[in-house]
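The structure appears below as structure tokens.
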Amino acid sequence: MKFERPEPLDTDVLICFTCGHELGTLGSVKAKMLAAFERMKKQAQQPRKH
């Protein structure tokens, strides 16, 4: 991604490079990514049923 400044702030708005859709602030996107990562880690730890 390309940002306006070398160190983007959590309040900077992210926009899709391809379609121009506004994705939210950097802080909100970070929080969503962290939550998704935590869900993936929990799923990986659960025993799989065959």
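The values are calculated or read from the model by the stated rules, or taken from the named source; none is laboratory data. Here the structure is a predicted model, which means the values were calculated and not measured. Don't worry about glycine lacking a Cβ; one is built from the backbone with ideal geometry, like all the others, and counts go over all protein chains shown. To get the accessible areas, we keep the full protein, side chains included, count just its heavy atoms, and leave off ligands, DNA and RNA. Shrake-Rupley method; radii C 1.70, N 1.55, O 1.52, S 1.80 Å.
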M40 is checked against (1) open to solvent by 100 Å² or more (accessible area, probe 1.4 Å); (2) aliphatic (A, V, I, L, M); (3) in contact with a strand residue (DSSP E or B) (Cβ under 6 Å, 6 or more places away or on another chain) and fails just one. What number does that condition carry?
(3)
Residue count, the stretch 1-37 (criterion: in contact (Cβ under 8 Å) with a residue 12 or more places away in the chain, open to solvent by 80 Å² or more (accessible area, probe 1.4 Å) and outside any loop (DSSP other than H, G, I, E, B)):
1
